[in-house]
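The values are calculated or read from the model by the stated rules, or taken from the named source; none is laboratory data. None of these values were measured; they are calculated from a predicted model. Heads up, the Cβs are rebuilt from the backbone with ideal geometry, glycines too, and the neighbour counts pull from every protein chain shown. Each accessible area value is taken on the protein alone, full model and side chains, heavy atoms only, with ligands, DNA and RNA left out. Shrake-Rupley method; radii C 1.70, N 1.55, O 1.52, S 1.80 Å.
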Amino acid sequence: MQAIANHFTQLQSTLPPDGPGFSAAILCDGKPVFELHHGMASLELKVPLSSESAYYLASESKQFTAACVLSLVREGAIGLDDDVCIHLPELAGFEQPFSLRSLLNHSSGIPDYFQFIECQLSRHEADYFDNRMILDLIKRLDTVVFPTSSGYRYSNSNYILLAALVERLSGMSLGRYAREKLFEPLDMRRIAFDEDRFSIIEHRVFSYEADAGRPFGYKQHLGNANTVGDGGVYASVNELLRWEKEWHRQWADPSSLLHAMLQPSPLLDGSVPTYRFGLEVIQRAGHDVVFHSGSLWGFDTLILRIPARGMSVIQLANCEAALSDIEKIVAAALD
């Protein structure tokens with residue numbers, strides 16, 4: 001445990017206390033054993049980062065989306081091998097079926113919408129977009145990047161479609177469904193999908209990029225993405241530690257929703273991608289390592305577990321200078 005603590009204190013030593021920074025925490029056997037918060041949640045208001053600071057989790061949110069989808073599977077609303085096109089007419093242009101599992105594990109071949117946003121003429125980094133706009137974009141696509149279920153390619157489009165699927169099958173928005181099925185049973189009251197750009201988020205963290213040419217040496221990212229499913233969750237270390245305690249409880253229960261999320265889904269050639277349903281599974285030094293990460297416009301997030309040791313490591317950052325290093329963290333955690 002000391003090695004991983006040293007990793008974070010070393011990172012702390014490289015960052016000024018009055019700039020953006022990061023939060024880190026370690027859970028072992030259901031108990032927090034290390035916590036560190038360094039830097040500012042808001043440079044304008046001089047608010048320091050804390051255990052209550054609500055970071056934007058970016059793609060870390062996908063595990064919560066997948067958990068909602070698997071909950072609907074368990075309720076009998078849809079099957080993993082069912083064609084989702086009946087519920088998602090936005091896919092009609094492809095003129096082919098897509099199984100639910102192909103969206104969950106990124107084997108659908110549906111292109112990532114970001115590549116189309118980034119190539120639009122006259123578009124600026126701060127221009128707003130939301131799920132409705134992205135679904136309209138997906139509706140205009142007609143070609144997969146590889147035959148469905150023949151390969152793996154990470155695509156945020158898959159999880160935008162899953163958010164729409166949750167809403168159409170449950171009659172609730174993804175945010176409401178997640179709140180009722182995942183968060184409230186664990187008394188997690190502040191974690192939420194940000195479905196409304198105008199909502200107040202308590203203890204919201206803002207993200208920054210170093211820019212020597214600007215006053216105070218930073219520029220602020222404006223957080224123009226208002227999509228949910230592929231991202232969208234704001235959460236604090238306090239809430240995520242509660243989630244991780246439940247995560248390890250479910251790891252010990254083979255019938256749990258977590259194990260449904262971790263089941264392997266072989267491709268057509270029989271190979272099994274490391275990406276399962278909203279989580280990735282790799283092996284290091286004979287141990288399973290289960291994680292997801294996220295990164296968008298200055299935010300960088302990582303939640304990593306070593307189940308055999310009952311350990312979770314959380315790192316949340318609001319600047320690129322505090323990016324997580326998965327291999328270093330795993331090596332330190334296994335030391």
Based on the Cβ-Cβ distance of D335 and A92, what FRET efficiency does E = 1/(1 + (r/R0)^6) give at R0 = 35 Å, to the nearest 0.05?
0.10
When we measure straight from the Cα of K62, which lysines land under 28 angstrom away, once same-chain ones fewer than 8 places off are left out?
K31, K139, K181, K219, K245, K328
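Between A285 and K328, what length comes free when the chain is fully extended (0.36 nm per residue of separation minus the Cα-Cα distance, one decimal in nm)? Please report the intermediate quantities before stating the final value.
Numbers: separation 43, 0.36 × 43 = 15.48 nm, distance 1.31 nm.
Net length gain for the segment: 14.2 nm.
Could you calculate the FRET efficiency of S50 with M1 from 1/(1 + (r/R0)^6), where r is the beta carbon distance between them and R0 is 30 Å, rounded to 0.05?
On the way: r = 22 Å, r/R0 = 0.74.
Result of the calculation: an efficiency of 0.85.
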Would you work out which of L279, Y208, L103 lies farthest towards the positive end of the dipole of the chain, given +1 charges on the beta-carbon of Lys and Arg and -1 on that of Asp and Glu, about the Cα centre?
L279
Label D196 and A308 with points 7 Å out from Cα along Cα→Cβ: what is the distance between them in nm?
4.8 nm
Mind listing P(r) for the chain? All alpha-carbon pairs, 10 Å bins, whole percents.
5, 26, 34, 25, 9, 1
Can you give the net charge of the other residues whose Cβ lies under 10 Å from the Cβ of L302, counting K and R as +1 and D and E as -1?
-3
What whole-number value in Å² describes the accessible area per residue of the chain for a 1.4 Å probe?
44 Å²
Just by accessible area at a 1.4 angstrom probe, what is the order of I200, I306, I326 from largest to smallest?
I200, I326, I306
Which residue, L88, Q2, V289, has the largest displacement toward the positive end of the dipole of region 1-334 when charges sit on each Cβ (Lys, Arg +1; Asp, Glu -1)?
Q2
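Counting helices only, and only those DSSP H runs with n ≥ 4, report the 222 nm mean residue ellipticity of the chain as the sum of -39,500 (n - 2.57) divided by its residues, in deg cm²/dmol to the nearest 500. Before the final figure, lay out the partial values.
Working: 10 runs with 91 residues, N = 335.
It comes out at -7500 deg cm²/dmol, rounded to the nearest 500.
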Charges at C-beta only: +1 for Lys and Arg, -1 for Asp and Glu. How large is the resulting dipole of region 238-335 about its Cα centre, in Debye rounded to 20?
260 debye
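Could you tell me which of rounded, prolate or oblate describes region 195-291, using a ≥ b ≥ c as the square roots of the eigenvalues of the alpha-carbon gyration tensor, with rounded for a/c under 1.5 and, failing that, prolate when a/b is larger than b/c and oblate otherwise?
Details: a/c = 2.23, a/b = 1.87, b/c = 1.20.
It comes out prolate by the Cα gyration axes.
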Ignoring ligands, DNA and RNA, what percent of the 1.4 Å accessible area of the chain is carbon and sulfur?
52 percent
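With loop defined by DSSP as not H, G, I, E or B, and exposure as at most 16 other Cβ atoms within 10 Å, which is the longest segment of the chain clear of exposed chymotrypsin sites (Phe, Trp or Tyr not before Pro)? Could you put the intermediate results ahead of the total?
On the way: sites that count: Y128, Y154, F198.
No qualifying site falls inside 199-335, the longest such stretch.
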Specify the inter-centroid distance of region 310-335 and region 158-183, based on alpha-carbon positions, in whole Å.
29 Å
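Go ahead and run the numbers for FRET between C85 and E246, Cβ-Cβ distance against an R0 of 45 Å, rounding to 0.05. Could the numbers behind the result be given before it?
Details: r = 34 Å, r/R0 = 0.75.
With R0 = 45 Å, the Cβ-Cβ based efficiency is 0.85.
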Size of the dipole of region 129-244 about the Cα centre, Lys and Arg at +1 and Asp and Glu at -1 on the beta carbon, nothing else charged, in debye to 20?
140 debye
The farthest towards the positive end of the charge dipole of the chain, of the residues G19, N224, G30, given +1 on Cβ of Lys and Arg and -1 on Cβ of Asp and Glu, is G30
Could you tell me the accessible area of R284 in Å² (1.4 Å probe, neighbours in place), rounded to the nearest ten?
80 Å²
Answer in debye to the nearest 20: the dipole magnitude of the chain about its Cα centre, from +1 Lys/Arg and -1 Asp/Glu charges placed on Cβ, is 400 debye
log10 I(q)/I(0) for region 140-250, Debye formula on C-alpha points only (no solvent), q = 0.12 Å⁻¹, two decimals, reads -0.63
